[in-house]
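Below is one structure, written out as structure tokens, with a few remarks after it.
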Amino acid sequence: MPKKILIISGSPKKDGNTTALIEWFQEGIITKGGIPDIVYAAFLKYKFPGCTSCRACQKSEKYECVIDDDARSVLLKMAKADIIVMATPLYFFGPSAQLKIIMDRMFSLYKWDNAAGTMKTPLQGKTLILLASAFEGEGLDALEKPFTLIARYTGMSFDSLIIANAGVSGDIRNKDGVKEKIVALGKRIL
């Protein structure tokens, strides 16, 4: 059975560096028979800009956000995916706000029993991949850190490919060797 691959784009641009990374990654996946589902977080409709900390998700048996908007459907796809790819530009030493909304709402995919000191999530055992680019090289470690922490805390395997000095929107398409690295990662994960 083919692996379910979910790619979440955090870029607000339709043809920038992040789009190129996703296209190339998808090219690698397709050569191995994979068919990803791509979600563009910047173009989803949200009732709230992030988690409201209502904690209603913790009172439910279901692993889903109680806020019924487009983020909820993305979270449900995450729970069913085998591989979750988050693609983002570096924005002020972190992921884009558009991707951060989804990341914050991931709270609903975890159930904690504080008395027992346990946590359960349908994300455990999955693979999390970060694809990112930055205009220069500063801040890339800060960008990657939350993703490595999420993967470790959740029990997910983690991989990343972050391209420094990618330039302004679309310039990455002219950088030697970048496409080959991204395509190779897409092939390797399947």
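A short reminder: the numbers here are calculations on the coordinates, not readings from a lab. In this text, all values refer to a predicted model and were calculated from it rather than measured experimentally. Positions of Cβ are generated from backbone atoms using ideal geometry, with glycine treated the same way; all protein chains shown enter the neighbour counts.
With a threshold of 21 Å on the Cα-Cα distance, the over-threshold entries among Lys13/Lys80; Lys62/Lys111; Lys4/Lys32; Lys3/Lys77; Lys100/Lys181 are Lys13/Lys80; Lys100/Lys181.
Here the chain has an Rg and Dmax of 16.4, 54 Å, counting Cα atoms alone. Karplus-based coupling profile of the range 65-79, in residue order and whole Hz: 7, 7, 6, 8, 8, 5, 4, 4, 5, 5, 4, 5, 5, 4, 5, with θ = phi - 60° in 6.51 cos²θ - 1.76 cosθ + 1.60 and x standing for Gly or Pro. Straight-distance candidates among the aspartates and glutamates for linking to Lys47, with alpha-carbon spacing under 20 Å and chain neighbours fewer than 8 residues away dropped: Glu64, Asp68, Asp69, Asp70, Asp104. When Leu185, Leu99, Leu190 are arranged by Cβ crowding within 10 Å, least crowded first, meaning fewest neighbours, the order is Leu190, Leu185, Leu99. Inter-part distance, the range 1-62 to the range 129-156, computed on C-alpha centroids, equals 16 Å.
Please check: in the Gaussian network model of the chain (C-alpha springs, under 10 Å), which one of Pro95, Pro12, Pro49 has the largest mean-square fluctuation. Its mean-square fluctuation being the largest, the pick is Pro49. At an R0 of 45 angstrom, the distance between the Cβ atoms of Tyr153 and Asn174 translates into a FRET efficiency of 0.75.
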